[in-house]
Amino acid sequence: MCILNMEGRKGLTWKYYAKKILYFLRQQNILKNLKEYLQRPTERQSFLEGAVLIDQYCNPLSDICLKSVQAQVDDITDKVRKVLRTKNPRHPSLASKAGEVLVPEVELQRQVLDAMNCVLYEQLKYKGNELDYYNSLNSYIHQVLIRRTGIPISLSVLYLTIARQLGVKLEPVNFPSHFLLRWCQGKEGSTDIFDYTYIDAFGKGKQLTVKECEYLIGHHVTEEFYGVVTSKEVLQRMVGNLLNLGKRESTDQSYQLLRDSLDLYLAMYPDNVQHLMLQARLYFHLGIWPEKVLDILQHIQALDPSQHGAVGYLVQHTLEHIERRKEELGPEVKHRSDEKHKEVCFSIGLIMKHKRYGYNCVIYGWDPACMMGHEWIRNMNVHSLPHGPHQPFYNVLVEDGSCRYAAQENLEYNSEPREIPHPDIGRYFSEFTGVHYLANTELEIRYPEDLELTRATVQKIYSSGKE
């Protein structure tokens, strides 16, 4: 933490690796808490606490704790009580120990739900996030409370928690494509699906019949999908949503989300062969932790010998990867003085602007010509550029958190250089001087002659002499 609290523009590489270590340590502690949570009796597994644990694991560097989240939920609950008091001053949910005893009458329960809908959807303006449904923030309970929007399951956890604190027992329903809650209108514990009203927390608390539930998703479903599910099954679905989001894109953020959600899923179901195989393939694809890949594959083989074909393939290629790594001589060193690099105009650490897209970025690598494959060159329409692929290309960290590969003719010096808020900035740079970045030791070894050119360029371009 001392390293992370260092002066903002210095020690960037130290901070980068300190965050990595802190990320890992906090996740290990959260996994320990999750396993303890799963070992408790079902009646002691709070849905809200489970949602917080998922949130914490995927955002281990954020300040998220159950106490804070619970306090925000309690604040909403108090607002509901105020509305309820104006409608029925003697309502049992207003008692000091409300929540410990269930409200007995259906009409009194209805008053609670009406007050909840008034506060959540009319006063506080909570709503389902239809416009940005596949944003991972919709699944994190602390973000749901901040942004007042989410997806069906995250809003249902919030809705259910408030209702139970007011003495109304709602239950989670693992309805396909759209998570719901159910509210018993008949004998408690009834197995008749028509004895329940179904609540859509994503749809402003709308109360639905069985037939209306089917209209919601556009097809008929069997009775089993109207049944109540456990807290573990709710967490499984929440993690499954995050897992699917991680599969949607091939970005560093998506890969991290996929890794985190797989960790969570396997903490709940450690012998799930399908997800173990996905984890092994992910690590193999990313080229990380090959020894861990072998451990996972050995576990899969023990669980399901019929997987020997896929396991054998990955074992062979993982062993080859380990051997190649042993034979590597080190990173390629690029000297600007080499004749083949004479067309390279820009250098490591310069803050640039993309002429066409307008984004700000910093250079962390370069090639004398485009080194991407034919498919990438075709998809990116590189041949439409005046100089095509036969010009220097630059690896850049972009202010939106992405990494891009830009043609020299598309880049220009940034007239107002500023820090680039990229999560990997410390992986390549040790300091921001105010007008450019200083390469760290590892990057300087790869581009030993760039620093001198960067300083000369800065001196020439930025006459104010901020350096």
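For this structure, a couple of remarks:
- Pairs beyond 32 Å (Cα-Cα), from Lys19/Lys292; Lys82/Lys206; Lys19/Lys247; Lys15/Lys342: Lys15/Lys342
- Relative to the longest principal axis of the Cα atoms of the chain, the long axis of helix 450-461 makes an angle of roughly 90 degrees.
- Gyration tensor (Cα) of the range 69-201, equivalent ellipsoid semi-axes in angstrom: 24, 20, 11
- Its Kirkwood hydrodynamic radius, worked out from the mean inverse distance over all distinct Cα pairs, puts the range 271-328 at 11.3 Å.
- Tensor-based shape of the range 292-382 (alpha-carbon gyration tensor, a/c under 1.5 rounded, otherwise prolate or oblate): prolate
- Amide H contacts of Ile199 (H built 1.01 Å from N, under 5 Å, at least 5 apart or other chain): Leu181, Arg182, Trp183, Leu208
- Surface analysis of the chain yields an accessible area of 53 Å² per residue, using protein heavy atoms and a 1.4 Å probe.
- Extension reserve of the Asp74-Glu122 stretch, reckoned as 0.36 nm per residue once the Cα distance is removed: 15.5 nm
- When the P(r) of the range 18-84 is calculated, the portion above 17 Å amounts to 51% of the C-alpha pairs.
- One decimal place: the segment Glu171-Arg325 gains 50.2 nm when fully extended, by the rule 0.36 nm per residue minus the C-alpha distance.
- The accessible area of Arg455, taken with all protein chains in place and a 1.4 Å probe, comes to roughly 110 Å².
- With K and R counted +1 and D and E -1, the other residues having a Cβ less than 15 Å from that of Arg148 yield a net charge of +1.
- The listed residues Arg446, Arg90 rank as Arg90, Arg446 when sorted by accessible area, largest first, using a 1.4 Å probe.
- Estimated FRET transfer efficiency (Asp192, Arg237; beta-carbon r; R0 22 Å; 0.05): 0.35
- Summed residue charge, Cβ within 11 Å of Phe175's Cβ, Lys/Arg positive, Asp/Glu negative: -1
- DSSP-defined beta bridges in the chain - what % are antiparallel, rounded to 5: 90 percent
- Estimated dipole of the chain in Debye, rounded to 20 [Cβ of Lys and Arg +1, of Asp and Glu -1, Cα centre]: 1220 debye
- Degrees, to the nearest 10: 252-268 long Cα axis against longest axis of the chain: 40 degrees
- Extending 7 Å from Cα along the Cβ direction at Arg378 and again at Asp400 yields two label points whose distance is 2.6 nm.
- Ile461 contributes an accessible area of around 70 Å² to the protein surface, as traced by a 1.4 Å probe with all chains present.
- Projecting the Cα positions of Leu53, Leu411, Gly240 onto the charge dipole of the chain (unit charges on Cβ atoms of Lys, Arg, Asp and Glu, taken about the Cα centre) puts Leu53 furthest along the positive direction.
- Links that overshoot a 20 Å alpha carbon limit, given the list Lys169/Lys232; Lys79/Lys204; Lys87/Lys127: Lys87/Lys127
- Solvent-accessible area of His275 with every protein chain in place, 1.4 Å probe, in Å² to the nearest 10: 30 Å²
- Over all distinct Cα-Cα pairs of the chain, the Kirkwood formula returns a hydrodynamic radius of 26.1 Å.
- Nonlocal amide H pairs with Gly365, under 5 Å, H built at 1.01 Å: Asn395
- Taking the protein heavy atoms of the range 271-328 in the context of the full set of protein chains, the accessible area attributed to carbon and sulfur is 53 percent at 1.4 Å.
- Heavy-atom accessible surface of the range 63-155: percent carbon and sulfur, 1.4 Å: 50 percent
- Stretching His308 away from Arg455 to a fully extended chain increases their span by 47.3 nm, per 0.36 nm per residue minus the current alpha-carbon distance.
- Ellipticity estimate at 222 nm from DSSP helix runs (n ≥ 4, -39,500 (n - 2.57)) divided over the chain, nearest 500: -14500 deg cm²/dmol
- Using alpha-carbon coordinates, inclination of helix 47-58 to the longest axis of the chain, degrees: 0 degrees
The values are calculated or read from the model by the stated rules, or taken from the named source; none is laboratory data. Source: prediction; values computed, not measured. Quick reminder, even Gly has a Cβ in these numbers, built from the backbone with ideal geometry, and neighbours come from all protein chains shown. Each accessible area value is taken on the protein alone, full model and side chains, heavy atoms only, with ligands, DNA and RNA left out. Shrake-Rupley method; radii C 1.70, N 1.55, O 1.52, S 1.80 Å.
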